[in-house]
1. From the list 175, 245, which residue is modelled with pLDDT of 95 or more, out of contact with any His (no Cβ under 8 Å at 6 or more places or on another chain) and outside the structural domain of residue 319 (by TED's automatic domain parsing)?
2. Tell me, which strands (runs of 3 or more DSSP E) lie completely within region 246-338 with 2 or more residues that are buried (at least 22 other Cβ atoms within 10 Å of the Cβ) and not aromatic (Phe, Trp, Tyr)?
3. Any idea which of (1) touching a helix residue (DSSP H, G or I) at 6+ places or on another chain (Cβ under 6 Å); (2) within 14 Å of residue 121 (Cα to Cα); (3) at pLDDT 80 or above is the one residue 67 doesn't satisfy?
4. Could you look through region 178-237, keep only residues that are part of a loop (DSSP other than H, G, I, E, B), acidic (Asp, Glu) and modelled with pLDDT of 95 or more, and pick out the one that is surrounded by the fewest Cβ atoms within 10 Å (Cβ to Cβ)?
5. Cβ contacts < 7 Å: first residue closer than 26 Å to residue 298 by Cα, restricted to region 139-152; second residue of a type in the set (Lys, Arg), any location; separation 6+ or different chain. Result?
6. Condition (residue is at pLDDT below 85, among the hydrophobic types (A, V, I, L, M, F, W, C), closer than 30 Å to residue 251 by Cα and buried (at least 21 other Cβ atoms within 10 Å of the Cβ)) applied to region 143-152: is it met by at least one residue?
7. When region 159-177 is examined, which residues are found to be assigned to a strand (DSSP E or B) and crowded, with 20+ Cβ neighbours inside 10 Å?
8. Only one of (1) in contact (Cβ under 8 Å) with a residue 12 or more places away in the chain; (2) out of contact with any Leu (no Cβ under 6 Å at 6 or more places or on another chain) is not met by residue 311, so which one is it?
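The values are calculated or read from the model by the stated rules, or taken from the named source; none is laboratory data. Quick caveat: nothing in here was measured; it's all calculated off a predicted structure. FYI the Cβ positions are ideal-geometry reconstructions off the backbone, even for glycines, and counts take in every protein chain you see.
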Amino acid sequence: MSGPNTLKRVTRADVAKEAGVSETIVSYVINGNRYVDDLKRRKVQKAVAKLNYHPSPMARALKGKKSNHILFIADDLMSEHFGKIISEMEKIAYDDGCFISLCSDRTDRNFLSSVYNRSFDGVIIGSGTIPDTSIQTLIDSGVPVVLLEIRSYSRIRGVYGKINTGLYGGARKCVELLQKKNRRHIVYADSLSPEGLKINKADFRYQGYRDQMEAKGLPRAVIDGCRTEDELAKRFLAYFGRHEVDGVFCRTDTIACTVMRALQDKGIRIPKDVSIAGFNNSRISRYVTPRLTTMEIRRDLVGQNAMAILKRLTDEKKELTKPLFVQLETELVERDSV
């Protein structure tokens, strides 16, 4: 019996029933290769929109033939981080005759249905905000799914792929470095959120910060829920004006550069007065002054392993009985900001 989180692919038969016409008429309208009178055409088009119907590439191909299309869902389409991962994946995909599409995550059910109805050969999820229920629904529907472990996915069940990129350990190393520089009042600056969302406590970078501060018995402070860089700068400076701060660990390099600029505009010296560390080792970290200490994620290995896992999930679907897991490590890049 289908539950509320069970995906059902919308078919031409469903469209035909909704429109009150035959499946043949639906096919004519969809393919645009036969004349259909205006009334029936409008009925079909209305039904297509209402049911969110998308012609399945798989249905158009021979049975068992792949769509040669992979979807990558990210929470930041502008991120250099995801761009590098997809670039590595694309090298492999192109040789295999596949294409990769990139989209941002959505929380509404129509998004999930659209993903399912387009019959992707696989879905790679690099988003910390897409709900566990949505991920579980995709896995249960039979779509090969690979998760980049930005946060804990302990509640996910079934056969899927999971790549731990070393975020937790990397975060602890960054905070430990700040502590070795005698920084005791270290603030965690979270990513921007257009919706103003508070920090996800299951996020591995935050957990690494939290646990490393607790290990040394030091106080914790978090700046989160900021929608824009200007808001982040204002809120950080407001906190800085009321509390002692001698170190900042930021979820990304972009956040670190925003905080650094805000402090420097107020005459605060980096790293003499405040040390700052970022995460991702993006290009900007090498060109700001002082150059930013950060953590390198092995994006080349992330991309390669994501494609390899998708292949196994497809080729060995009947044999696999548990998740496929890959553990990677981050590399500390110490520069001048600490």
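1. 175
2. Details: elements: 247-250, 275-277, 294-296, 324-327, 331-333.
Where strands (runs of 3 or more DSSP E) fall fully within region 246-338 and carry at least 2 residues being buried (at least 22 other Cβ atoms within 10 Å of the Cβ) and not aromatic (Phe, Trp, Tyr), they are 247-250, 275-277, 294-296.
3. (3)
4. In the first step, residues of region 178-237 are kept if they are part of a loop (DSSP other than H, G, I, E, B); the result is 181-185, 190-202, 216-220, 224-228.
Filter again for acidic (Asp, Glu), leaving 190, 195, 224.
This time we only want the ones that are modelled with pLDDT of 95 or more, so: 190, 224.
Numbers: 190: 23, 224: 19.
So, considering only residues that are part of a loop (DSSP other than H, G, I, E, B), acidic (Asp, Glu) and modelled with pLDDT of 95 or more, the one surrounded by the fewest Cβ atoms within 10 Å (Cβ to Cβ) is 224.
5. 147/162; 149/162
6. Taking every residue of region 143-152 in turn, none turns out to be at pLDDT below 85, among the hydrophobic types (A, V, I, L, M, F, W, C), closer than 30 Å to residue 251 by Cα and buried (at least 21 other Cβ atoms within 10 Å of the Cβ).
7. In the first step, residues of region 159-177 are kept if they are assigned to a strand (DSSP E or B); the result is 161-164.
161, 163, listed by residue number.
8. Among (1) in contact (Cβ under 8 Å) with a residue 12 or more places away in the chain; (2) out of contact with any Leu (no Cβ under 6 Å at 6 or more places or on another chain), the lone unmet condition for residue 311 is (1).
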